[in-house]
Amino acid sequence: MFRGSSFHTIDAKGRIIIPARFREVIKANGQDGVMVSRMDSCLVAFPHDEWYKIEAKILSKAQKSDTFRRFRRVFIGGAFDCNCDKQDRILIPPYLRQYAELDKEIVLVGVLDHFEIWSREKWDQENTDIEKDMKKEEVRNEIAELGI
């Protein structure tokens, strides 16, 4: 499972280093890369076995609304297979770098079955936004159901 956050930089060619604890999760299943797509103003990176589960769920969805078809088109159509190089970096394609506004400072955030890649600026804003949301009673109640 992917947990924790790591602060890094993205180089001019669009390469990022995968933290050792994330690489361990990826390599535990005999893999050497991740599938990367876009969502919520950041990039989402899934090990191949988790990605295939998502694809199967999308294919099995019987009801395909216009919105769901557009989501599938953007999420699956915009996905890239990013393999680790000898320095344990992955290359983020320009299209995805532009979407997530990845420039120099980035944050990799473990989210259990996948990790997210954020620009530092957007990550800081996400933290500010969640602090505001945590003051809402419905959000607090939803979290309280977890026993936290």
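Bear in mind that the values in this text are calculations on the coordinates, not laboratory data. Treat the numbers as computed from the prediction; the structure is a model and nothing was measured. Ideal geometry is used to build each Cβ from the backbone, glycine not excepted, and the neighbour counts take in all protein chains shown.
Worth pointing out:
- Among Ser6, Val25, Ser37 the positive-end extreme of the charge dipole of region 5-120 (Cβ point charges): Ser37
- Straight Cα distances below 26 angstrom link Lys27 to the lysines Lys13, Lys53, Lys57, Lys86, with same-chain residues fewer than 8 positions distant left out.
- Taking every DSSP bridge with both residues inside the chain, close to 100 percent are antiparallel.
- Only the Cβ atoms of Lys and Arg (+1) and of Asp and Glu (-1) were treated as charged; on that basis the dipole of the chain about its Cα centre amounts to roughly 520 debye.
- Averaged over residues, the count of other Cβ atoms within 10 Å places the peptides 36-42, 73-79 in the sequence 36-42, 73-79, highest first.
- Listed by chain and number, the lysines whose C-alpha is less than 21 Å from the C-alpha of Lys135, apart from same-chain residues fewer than 8 away, are Lys122.
- 14 Å beta-carbon shell around Asn141, net charge (K/R +1, D/E -1): -2
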